[in-house]
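Visitor: Before I ask anything, let me first share the structure, which is written out below as structure tokens.
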Amino acid sequence: MTSIANSAGVGPRFAQRRVLRIVFASTSGHTEYVVDALVKSLKRINPSWGVEATMAEKAQPEDFLTGDVLLLASATWNTGSTEGQLNPHMWGLLHDKAKKLDLAGKLCACVGLGDHRYFYTARAADHLEHYIEAHHGRLIVPTLKIIDEPHGQENAVAAWGKQLVDVLKPVDRC
């Protein structure tokens, strides 16, 4: 068997486009606003990245496995007598549709929103982290927590996005 190589004895190298898959739950628009701000900042930081965002109510478990990095984002709900819950759409996706999904070491990140008036502020972040860990995903950056009104917190979102890109730079070189 023969192999063909260039004059340097090395096959061609192609830059691979990274894809961030975002699955988010937003009913009042705050989580969607944070996701949009993140996508805009990522396009400025590293325009070669692709971003695919899907709302939780439209997502399927196999969506979690597409792309290089999975990001889950949800606001914290405080309905009924229990506070600190996930958005109902995200809860349904994680605990019904994707209940048996194995993330198999998938690179992951989380964004949780919350309100300081509640004891369990941004508890959605904890629920998202727990899901990833319980389903064998790998959290690669500390979770971004947005407390109270997200408008005006774009710099924090952009800084977190840069941290996400920086963590993945060594992986990009492989």
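Visitor: Mean residue ellipticity at 222 nm from the helices of the chain, using -39,500 (n - 2.57) per DSSP H segment of n ≥ 4 over the full residue count, to the nearest 500 deg cm²/dmol?
Guide: The helix-only estimate for the chain comes to -9500 deg cm²/dmol at 222 nm.
Visitor: Of Val39, Val157, Val51, which has the largest mean-square fluctuation in a 10 Å C-alpha GNM of the chain?
Guide: Val51
Visitor: Next question, about the same structure. Share of antiparallel DSSP beta bridges in the chain, in percent to the nearest 5?
Guide: 5
Visitor: So, counting K/R as plus one and D/E as minus one, what does the shell of residues with Cβ under 14 Å around Asp126 add up to?
Guide: -1
Visitor: On each of the three principal axes of the Cα atoms of the chain, give max minus min coordinate, whole Å, ordered largest first.
Guide: 70, 37, 24
Visitor: Considering Cα pairs under 8 angstrom that are at least six residues apart, work out the relative contact order of region 23-94 and quote it in whole percent.
Guide: Relative contact order, region 23-94: 41 percent.
Visitor: Just name one of Cys110, Tyr131, Pro47: the one whose Cα is farthest towards the positive end of the charge dipole of the chain (beta-carbon charges, Lys/Arg +1, Asp/Glu -1).
Guide: Value computed over the given set: Pro47.
Values in this text are rule-based calculations from the coordinates and carry no lab data. This structure is a prediction, so every number in the text was calculated from the model and none was measured. Note: ideal-geometry Cβ built from the backbone for every residue, glycine included; neighbour counts use all protein chains shown.
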